[in-house]
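Student: Have a look at this one.
The values are calculated or read from the model by the stated rules, or taken from the named source; none is laboratory data. Values in this document were obtained by computation on a predicted structure and should not be read as measured data. Glycine gets a Cβ as well: all are built from the backbone with ideal geometry, and neighbour counts include every protein chain shown.
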Amino acid sequence: MNVGLFIPCYVNQFYPQVGIASLELLEKLGCQVQFPLNQTCCGQPMANSGYEHLTQSCNELFVKNFAQYDYIVCPSGSCTLHIKDHLHDTNNELAAQGIRKKIYELTEFITDVLKVKDIPARFPHRVGMHQSCHGQRGLHISQMTELVAAPFSKPVSLLSKVDGLQLIQLDRPDECCGFGGTFCVAEEAVSAKMGKDRVADHIRQGVEYITGVDMSCLMHLEGILKRQKSPVKVVHIAEILNKNV
Amino acid sequence: MNESSATHAELSETFNRDEERVDWHDETLWWIRAKRDKAAWQLPEWETLRETASQIKDHVLGNLHDYLLQFEKNARLNGISVHWASNAEEHNKLVLDILQRNGAERMIKSKSMLTEECHLNEYLSQHSIEVIDTDLGERIVQLAEETPSHIVLPCIHKKKEEIGALFHTHLETPEGNADPQFLTHAARLHLREKFLTRKIAITGVNFAVAETGEFVVCTNEGNADMGAHLADVHIACMGIEKIIPQRRHLGVFLRLLARSATGQPITTYSSHFSKPRPGQQMHIILVDNGRTNQLGREDFRNSLKCIRCGACMNTCPVYRRSGGHSYHNAISGPIGAILAPNLDMKKFADLPFASTLCGSCSNVCPVKIDIHNQLYKWRQVLTKEGYSPASKTVAMKAMATTLSKPSLFKSAGKAGRWFMRTMPWLVSNKLNPWYKQRDMPDPPKQSFADWYRKNRK
């Protein structure tokens, strides 16, 4: 199957290893993957700031880059959700609608479309899973603690297949990290406090790594960990799933 | 009282200067969220109840006109005087008028967020009327000359030691005594005298039943009952959205309300008031104050389903770390942030941005208001209506241009990495709010696109 790889703008610029891991993992799992080189961004930074009306040309570019693929896969719940909820193109609405239906966050693509049974990866470490809100509450890739409903988690089901990985339980399994896009600078005090509290929960459980499906949350948590000179590291879930045995 | 023109970001920055207090506030409210979860999990039909409540409220909002008239007719048949107020000012005047007609200069009031919204206490005190709040939390903030910071737990921002000091000043309790049981007893003695001597009592309304013309008031302290039963005149103030069609619908709402609010199966007192006792006057004031305007905003109308349980505040990670006063509005937290701009877009333009859009609020809401989606939509409305700083508009336009042109984006990305690698102080300085408490990511040698061109093309 033909997969168009959508790499979030900041991942492309700051975390190339996450893009590489996503690409290699999908290839390993049998996909034909292409990275359209003219891609930029999903437009969420503008839209969440109240400027959705400025995202039209960004949307058109996205449609042009990705309309041709069977599936579009993205190693970010947040960017995927934005496309699903807000991608429109007045000149080519049919294509935009198609993209909204065939875009997947990486772990839900692996569990729901590829239906992978085994992940040939090894990561012998204590790992804490940060449930990024847009993937969880927006895309519903994991059950939410607010609801009276049976628990499940697509990313955790994949991590559980990784050899040697020890997943720890958090005191607050799905509290927001406080990144929130422009919120992280516009509401700096609350944002940083939320991040510090998330980091503290993971550290209390003695993790070596914090992982998740969204590098934006992890970038924020990493910023706090580094400031605290903590030995705990962040690692995107694609990097773990791509770690060779 | 202490409303200012400062924004949520500024007020919560101040709140965060005392990190220990932030931790305490966060943990206290998280404990209530956990109690709520436990109570919800005891009902296998919880999600069905939420859906049912949501549908009843949607139905009411779609037929509000008819239900209000039905309620008015039945309430009048019961002997209740029904008054209509189109805004806060009219509401306050109606209350003052009833007080003056009865020659009263003092009164007691149980919890009513509507009267907070209308700033009734301020208005009455300007007209030399003494108001004593009888809800313990509200009495505490009243003594402290503050406003409630939470709609269910008005003084949740205060530690017991602070309450002890406040009671020492106002109720002459011994200095340094912060024993909750002792302080509650002191408050009880203080309030009992007020209950026995005041002839006029105001209560809020949780539900007004159209079919019977009765209204229901829920409290844990019984203070609404004590006030209303002892007073010669009972005035109940309600927003027009509090209507439910039939008495049997209480079976849905009363089960949801206290579980969502505090994790209790039901409020200690859920009292039905249907007619005045012989010799008593019973008034009900139905208040619009922007509600019909909100009803006309399709994207925001279902915010009127709110039953004021406060669950969205308890679960909100931003609220827990900002404190209610940072929202500078009678109703704080996520629900306040979608209700307030309807009243005054300019004054409350900051509130829909005081959220990470994590969505936890919508999940706990017992009437399924899509709070986080409405926060997103308010951001768009406020920006289009011109309530966004000009500098932000300039930055956003530049960002939109860069992101819509791949060639520009590539050079912007390269420049960004170049700056970070060669001159990190240009980015990592005190002017950059990110850097205040967080380090920057290490700049990579190449972007993913660069790598891809070399390795896959």
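Student: Among the numbered criteria (1) surrounded by fewer than 19 Cβ atoms within 10 Å (Cβ to Cβ); (2) in a helix (DSSP H, G or I); (3) touching a Lys or Arg at 6+ places or on another chain (Cβ under 9 Å), which single criterion is violated by residue B:248?
Tutor: (3)
Student: Let me ask you something else. Out of the residues in region B:367-390 meeting the condition of being assigned to a helix (DSSP H, G or I), of a type in the set (Lys, Arg) and crowded, with 17+ Cβ neighbours inside 10 Å, tell me which one is farthest from the other protein chains (Cβ to nearest Cβ).
Tutor: At the first step, the residues of region B:367-390 found to be assigned to a helix (DSSP H, G or I) are B:371-384, B:390.
Filter again for of a type in the set (Lys, Arg), leaving B:377, B:379, B:384.
Checking which are crowded, with 17+ Cβ neighbours inside 10 Å leaves us with B:377, B:379.
Numbers: B:377: 9, B:379: 4 Å.
My answer is B:377.
Student: With respect to residue B:423, determine if the residue is modelled with pLDDT under 95, in contact with a helix residue (DSSP H, G or I) (Cβ under 9 Å, 6 or more places away or on another chain) and farther than 24 Å from residue B:313 by Cβ. Give the steps one after another, and end with the answer.
Tutor: On the way: modelled with pLDDT under 95: yes; in contact with a helix residue (DSSP H, G or I) (Cβ under 9 Å, 6 or more places away or on another chain): no; farther than 24 Å from residue B:313 by Cβ: yes.
It is false that residue B:423 is modelled with pLDDT under 95, in contact with a helix residue (DSSP H, G or I) (Cβ under 9 Å, 6 or more places away or on another chain) and farther than 24 Å from residue B:313 by Cβ.
Student: Test each condition in (1) surrounded by 15 or more Cβ atoms within 10 Å (Cβ to Cβ); (2) in contact (Cβ under 8 Å) with a residue 24 or more places away in the chain for residue B:59 and report the one that comes out false.
Tutor: Of everything listed in (1) surrounded by 15 or more Cβ atoms within 10 Å (Cβ to Cβ); (2) in contact (Cβ under 8 Å) with a residue 24 or more places away in the chain, residue B:59 misses just condition (1).
Student: Within region B:301-324, how many residues are within 14 Å of chain A (Cβ to nearest Cβ) and assigned to a helix (DSSP H, G or I)? Can you show your working first?
Tutor: Filtering region B:301-324 for residues within 14 Å of chain A (Cβ to nearest Cβ) gives B:309, B:311-324.
From what's left, assigned to a helix (DSSP H, G or I): B:311-315, B:317-320, B:324.
Residues flagged as within 14 Å of chain A (Cβ to nearest Cβ) and assigned to a helix (DSSP H, G or I) within region B:301-324 amount to 10.
Student: Which of the helices (runs of 4 or more DSSP H) contained wholly in region B:12-96 include at least 3 residues that are of a type outside the set (D, E, K, R), closer than 29 Å to residue B:318 by Cβ and more than 11 Å from every other protein chain (Cβ to nearest Cβ)? Steps first, please.
Tutor: On the way: elements: B:19-41, B:46-62, B:64-77.
Once the helices (runs of 4 or more DSSP H) in region B:12-96 are filtered for at least 3 residues that are of a type outside the set (D, E, K, R), closer than 29 Å to residue B:318 by Cβ and more than 11 Å from every other protein chain (Cβ to nearest Cβ), what remains is B:19-41, B:46-62.
Student: Quick check on my filter: what residues within region A:165-189 are facing chain B (nearest Cβ under 7 Å), farther than 16 Å from residue B:372 by Cβ and buried (at least 18 other Cβ atoms within 10 Å of the Cβ)?
Tutor: A:184, A:186, A:188, A:189
Student: Another one. I'm checking my understanding of the structure. Among residues of region B:325-344 that are in contact with a helix residue (DSSP H, G or I) (Cβ under 7 Å, 6 or more places away or on another chain) and not in a helix (DSSP H, G or I), which one is farthest from residue B:252 (Cα to Cα)? Working first, answer last.
Tutor: Narrowing region B:325-344 to residues in contact with a helix residue (DSSP H, G or I) (Cβ under 7 Å, 6 or more places away or on another chain): B:325-342.
Checking the rest, the ones that are also not in a helix (DSSP H, G or I) come to B:328-332.
Numbers: B:328: 32, B:329: 29, B:330: 27, B:331: 24, B:332: 25 Å.
Once the filter is applied, the top-ranked residue is B:328.
Student: Which residue is surrounded by the fewest Cβ atoms within 10 Å (Cβ to Cβ), if the candidates are limited to region A:15-51 and must be in contact with an Asp or Glu (Cβ under 8 Å, 6 or more places away or on another chain) and assigned to a helix (DSSP H, G or I)?
Tutor: Across region A:15-51, the extreme among qualifying residues is A:17.
Student: Which pairs have Cβ atoms under 7 Å, sit 6 or more apart or on different chains, and link a residue in region A:14-41 that is within 16 Å of residue B:454 (Cα to Cα) and in the same structural domain as residue A:72 (by TED's automatic domain parsing) to one that is at pLDDT below 95 and among the aliphatic types (A, V, I, L, M)?
Tutor: Hits for this filter: A:19/A:11; A:37/B:449.
Student: Follow-up question, since we're still on this one. Being over 20 Å from residue B:108 (Cβ atoms) and in contact with a Phe, Trp or Tyr (Cβ under 6 Å, 6 or more places away or on another chain): is that true of residue B:286 here?
Tutor: Details: over 20 Å from residue B:108 (Cβ atoms): yes; in contact with a Phe, Trp or Tyr (Cβ under 6 Å, 6 or more places away or on another chain): yes.
So residue B:286 passes the test.
Student: Next up: If you scan region A:205-238, which residues turn out to be part of a helix (DSSP H, G or I), within 13 Å of chain B (Cβ to nearest Cβ) and closer than 25 Å to residue A:73 by Cα? Before you say what the answer is, go through the steps one by one.
Tutor: Taking region A:205-238 as the starting set, the residues that turn out to be part of a helix (DSSP H, G or I) are A:215-227, A:237-238.
So of that shortlist, the ones also within 13 Å of chain B (Cβ to nearest Cβ) come out as A:215-227, A:238.
A:215, A:216, A:217, A:218, A:219, A:220, A:221, A:222, A:238 - these are the residues of region A:205-238 that are part of a helix (DSSP H, G or I), within 13 Å of chain B (Cβ to nearest Cβ) and closer than 25 Å to residue A:73 by Cα.
Student: Same structure, new question: Take region A:207-244 and flag every residue that is surrounded by fewer than 21 Cβ atoms within 10 Å (Cβ to Cβ), under 15 Å from residue A:128 (Cα atoms) and either among the charged types (D, E, K, R) or not assigned by TED's automatic domain parsing to the domain that holds residue A:153 (or both).
Tutor: A:208, A:233
Student: Would region A:54-71 turn up any residue that is aliphatic (A, V, I, L, M) and within 10 Å of chain B (Cβ to nearest Cβ)?
Tutor: Going residue by residue through region A:54-71, those that are aliphatic (A, V, I, L, M) are A:54, A:61, A:63, A:67.
Next cut, within 10 Å of chain B (Cβ to nearest Cβ) only: A:54, A:61.
Taking every residue of region A:54-71 in turn, at least one turns out to be aliphatic (A, V, I, L, M) and within 10 Å of chain B (Cβ to nearest Cβ).
Student: If you don't mind, another one. Could you tell me whether region A:148-164 includes any residue that is within 9 Å of chain B (Cβ to nearest Cβ) and touching a helix residue (DSSP H, G or I) at 6+ places or on another chain (Cβ under 9 Å)?
Tutor: In the first step, residues of region A:148-164 are kept if they are within 9 Å of chain B (Cβ to nearest Cβ); the result is A:148-149.
Applying the additional criterion that residues be touching a helix residue (DSSP H, G or I) at 6+ places or on another chain (Cβ under 9 Å) yields A:148-149.
Yes, some residue in region A:148-164 is within 9 Å of chain B (Cβ to nearest Cβ) and touching a helix residue (DSSP H, G or I) at 6+ places or on another chain (Cβ under 9 Å).
Yes/no matrix, rows are residues, columns are (1) in the same structural domain as residue B:239 (by TED's automatic domain parsing); (2) at pLDDT 95 or above; (3) of a type outside the set (Val, Ile, Thr); (4) within 22 Å of residue B:236 (Cβ to Cβ):
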residue: B:274; (1), (2), (3), (4): yes, yes, yes, yes
residue: B:278; (1), (2), (3), (4): yes, yes, yes, yes
residue: B:310; (1), (2), (3), (4): no, yes, yes, yes
residue: B:320; (1), (2), (3), (4): no, yes, yes, no
residue: B:338; (1), (2), (3), (4): no, yes, no, no
residue: B:353; (1), (2), (3), (4): no, yes, yes, no
residue: B:365; (1), (2), (3), (4): no, yes, yes, no
residue: B:369; (1), (2), (3), (4): no, yes, no, no
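A quick yes/no check of all residues on (1) without any contact (Cβ under 8 Å) to a residue 60 or more places away in the chain; (2) more than 30 Å from residue B:355 (Cβ to Cβ); (3) of a type in the set (Gly, Ala, Ser); (4) surrounded by fewer than 19 Cβ atoms within 10 Å (Cβ to Cβ):
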| residue | (1), (2), (3), (4) |
| --- | --- |
| B:23 | yes, no, no, yes |
| B:31 | yes, no, no, yes |
| B:43 | no, no, no, yes |
| B:76 | no, yes, no, yes |
| B:79 | no, yes, yes, yes |
| B:86 | no, yes, yes, yes |
| B:101 | yes, yes, no, yes |
| B:109 | no, yes, no, no |
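Student: Please work out which residue is farthest from the other protein chains (Cβ to nearest Cβ), limiting yourself to region B:348-366 and to residues that are in contact (Cβ under 8 Å) with a residue 40 or more places away in the chain and part of a loop (DSSP other than H, G, I, E, B).
Tutor: B:366
Student: Kindly provide the set of residues from region B:340-349 that are surrounded by fewer than 24 Cβ atoms within 10 Å (Cβ to Cβ) and either closer than 25 Å to residue B:57 by Cα or among the charged types (D, E, K, R) (or both), ordered by number. Can you show your working first?
Tutor: Applying the first criterion (surrounded by fewer than 24 Cβ atoms within 10 Å (Cβ to Cβ)) to region B:340-349 yields B:342-347, B:349.
Those that are surrounded by fewer than 24 Cβ atoms within 10 Å (Cβ to Cβ) and either closer than 25 Å to residue B:57 by Cα or among the charged types (D, E, K, R) (or both): B:342, B:343, B:344, B:346, B:347.
Student: May I ask you to say which residue of B:224, B:261, B:210, B:236 is under 21 Å from the mean Cα position of the chain (by Cα), within 23 Å of residue B:54 (Cα to Cα) and either aliphatic (A, V, I, L, M) or crowded, with 22+ Cβ neighbours inside 10 Å (or both)?
Tutor: Numbers: B:224 fails: within 23 Å of residue B:54 (Cα to Cα); B:210 fails: under 21 Å from the mean Cα position of the chain (by Cα); B:236 fails: within 23 Å of residue B:54 (Cα to Cα).
One residue alone meets the criteria, B:261.
Student: Report yes if some residue within region A:111-125 is within 13 Å of chain B (Cβ to nearest Cβ) and either more than 16 Å from residue A:66 (Cα to Cα) or in contact with a strand residue (DSSP E or B) (Cβ under 7 Å, 6 or more places away or on another chain) (or both); otherwise report no. Walk me through it before giving the result.
Tutor: The first filter runs over region A:111-125 and keeps only residues within 13 Å of chain B (Cβ to nearest Cβ), leaving none.
Looking through region A:111-125, none of the residues is within 13 Å of chain B (Cβ to nearest Cβ) and either more than 16 Å from residue A:66 (Cα to Cα) or in contact with a strand residue (DSSP E or B) (Cβ under 7 Å, 6 or more places away or on another chain) (or both).
Student: Of everything in region A:124-170, what is part of a loop (DSSP other than H, G, I, E, B) and basic (Lys, Arg)? Give them in sequence order.
Tutor: Hit for region A:124-170 is A:161, nothing else.
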